Amino acid sequence: MDAADVLIIGGGLIGCAAAWHLARGGTDVLLVERGELNAGASGQNAGSLHFQIERRFLEHGEALADQAARTVALSRLAVTEWRDLPAALGDDRLDVAMHGGLMVAQSDDEVRLLERKAALEARWGLPTRLIDGAEARAIAPYLADDVRAASFLADEGHANPRLVTRALADAAGAAGARYLPRTALRALVPVSGGWRATLRRGAADVEVAAASVLIAAGAWTMAVGALAGVHLPVFPIGLQMNVTERVAPFLPHLVQHVGRRLSMKQAHDGNVLIGGGWPSRLARGGDGFDLARAPTVLADSLTGNLAVAAATVPQVGALNLIRTWTGVVAITADQLPLAGAVPGRPGLFVIAGGSGFTLGPTLARAVSAEMLGRSVGDAAEAMALVAPARFAHLNAMLA
Ligand SMILES: Cc1cc2nc3c(=O)[nH]c(=O)nc-3n(C[C@H](O)[C@H](O)[C@H](O)COP(=O)(O)OP(=O)(O)OC[C@H]3O[C@@H](n4cnc5c(N)ncnc54)[C@H](O)[C@@H]3O)c2cc1C
């Protein structure tokens, strides 16, 4: 039987970031990935580094917005994490650009929403600046004339999702972590001193003993949790993204909309990426959603997203669209991440849910520290909010 101190399930950004931190911390790490590295959400996402409170937290009442605001501390840590990441990885090819982000409002109601959001952010120490339309256009001349106001955060930006996970995996490998692609977890049982995993590799089953296990399986978290006999309430959502032809640089910022679904930025090579939470349709089959098949593009999402983009940044309306694609994001019942020790299952940890590109490196650092028995420092309060303990009632009667 193979053995490792820590077995990580999932070769996305989060699994690879945790492998890097744990291996650097002196741990013998084995990371297994059912398919290929970065083939899940980590390689399909929009690459936004958005630290302002997201629109999705503002559209379901005060309680959710207040709760989201309490995790702003994680966003503040994530700013530093992303600023430092290229140097820490010794890799300047991640296309990290943090030239600021604007969340815009075009109606009276949206201006009020922006003001409410900015007040929450101020309370939790995020230095968002509320500006009027004229100042927004002075910073971002490409914005539509009817943009009434914006909240500006100087640290927002984007990075290249196709490059980041690979760089983290390389760093993890250099620190001694082992990686097995095309290897799926099939069973996970608690044993004395840790966990015994059954992995399917090719046609063979391989047994691995590990003192700890980190589930970093994205949209598959619930299924992987079931293999360990726990409910990890993380639900798959199909999203879609669009990208235009390459054009000369004109959009240095991340642009979001407080009232409509929009995230937009210009990538390093000139393409404009347009998304913002527009749904695609998850495949269905067997007993439920079929995550082995890519979600289907929805025409209404495509036209809706492009219409919002052109209404916010008119010159985007003249660009040719070259590709639309779908991906699956994982979301919890309260929309916050699920990160930390799983109660009642010693040695089992999870990181999933939410804006895992922006927050993934920060969550991976914090949970790795927890696994190494080290302090999570400034992250402690926010990590308590996102800990799996808040869903412990789901597992209270599970044998
Ligand atoms: C279209 C889209 C746009 C997004 N835009 C943004 C954005 O702009 N900013 C942002 O912050 N976030 C964004 N996200 C969310 C972000 O991409 C994810 O939160 C993040 O990538 C999650 O990383 P992960 O490593 O947890 O999951 P994943 O990258 O999905 O990796 C999980 C891996 O686990 C593997 N796995 C599953 N089951 C098993 C098993 N049994 N055995 C072995 N391996 C297994 C899977 O094959 C997969 O590779 C977006 C997501 C989507 C889909």
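Of note:
- Q256 falls short on exactly one of the conditions (1) within 22 Å of T27 (Cβ to Cβ); (2) modelled with pLDDT of 95 or more, and that condition is (1).
- Annotation: of all residues in segment 96-128 being of a type in the set (D, E, K, R) and either buried (at least 17 other Cβ atoms within 10 Å of the Cβ) or in contact with a helix residue (DSSP H, G or I) (Cβ under 8 Å, 6 or more places away or on another chain) (or both), the one that is farthest from R56 (Cα to Cα) is R123.
- Sole exception among (1) in contact with a strand residue (DSSP E or B) (Cβ under 6 Å, 6 or more places away or on another chain); (2) within 9 Å of the ligand (Cβ to nearest atom) for Q52, by number: (2)
- Unmet criterion (only one of (1) farther than 30 Å from Y142 by Cβ; (2) surrounded by fewer than 14 Cβ atoms within 10 Å (Cβ to Cβ)) for A217: (2)
- Only residues that are touching a strand residue (DSSP E or B) at 6+ places or on another chain (Cβ under 9 Å), under 22 Å from A216 (Cβ atoms) and not small (G, A, S) were counted in segment 309-348, giving 11.
- Listing of helices (runs of 4 or more DSSP H) fully contained in segment 10-119 that carry 1 or more residues being of a type in the set (D, E) and not assigned by TED's automatic domain parsing to the domain that holds A311: 62-69, 72-89
- Between V206, V230, V147, V243, the distinction of being part of a loop (DSSP other than H, G, I, E, B), more than 20 Å from L22 (Cα to Cα) and within 15 Å of the ligand (Cβ to nearest atom) belongs to V230 only.
- Residues being over 22 Å from A399 (Cβ atoms) and out of contact with any strand residue (DSSP E or B) (no Cβ under 8 Å at 6 or more places or on another chain) - total across segment 184-219: 3
- Summed over segment 274-294, residues that are closer than 18 Å to F357 by Cβ and either among the acidic types (D, E) or not in a strand (DSSP E or B) (or both) total 4.
- First in segment 167-184 and within 11 Å of the ligand (Cβ to nearest atom) and part of a strand (DSSP E or B), second anywhere and modelled with pLDDT of 95 or more and among the acidic types (D, E), Cβ under 7 Å, 6 or more apart: T183/E33
- Counting the residues of segment 210-225 that are more than 9 Å from the ligand (Cβ to nearest atom) and under 22 Å from the mean Cα position of the chain (by Cα) gives 4.
- Residue match in segment 37-46 (condition: in contact (Cβ under 8 Å) with a residue 24 or more places away in the chain, crowded, with 24+ Cβ neighbours inside 10 Å, more than 20 Å from S355 (Cα to Cα) and near the ligand (Cβ under 6 Å from one of its atoms)): no
- Only a single item in (1) crowded, with 22+ Cβ neighbours inside 10 Å; (2) not assigned by TED's automatic domain parsing to the domain that holds L126 is not met by G377, and it is number (1).
- Of the residues making up segment 276-289, not a single one is charged (D, E, K, R) and buried (at least 18 other Cβ atoms within 10 Å of the Cβ).
- Within segment 335-358, the set of residues being under 26 Å from L298 (Cβ atoms) and over 11 Å from the mean Cα position of the chain (by Cα) comprises just one member, Q335.
- Only one entry in D287, D269, D334 is of a type in the set (D, E), out of contact with any Lys or Arg (no Cβ under 7 Å at 6 or more places or on another chain) and under 30 Å from L77 (Cα atoms), namely D334.
- Checking the stated criteria, L64 turns out not to satisfy the condition of being more than 14 Å from the ligand (Cβ to nearest atom) and crowded, with 22+ Cβ neighbours inside 10 Å.
- Search result, residues across segment 77-87 that are more than 15 Å from the chain's Cα centre (by Cα) and in contact (Cβ under 8 Å) with a residue 60 or more places away in the chain: R83, L85
- Residue that is on the phi > 0 side of the Ramachandran plot, out of contact with any Lys or Arg (no Cβ under 8 Å at 6 or more places or on another chain) and not acidic (D, E), where the choices are G40, G47, G61: G61
The values are calculated or read from the model by the stated rules, or taken from the named source; none is laboratory data. This one's a predicted model, so the numbers in the text were calculated from it and none came from an experiment. No Cβ is skipped: glycine too gets one built from the backbone with ideal geometry, and neighbour counts run over all protein chains shown.
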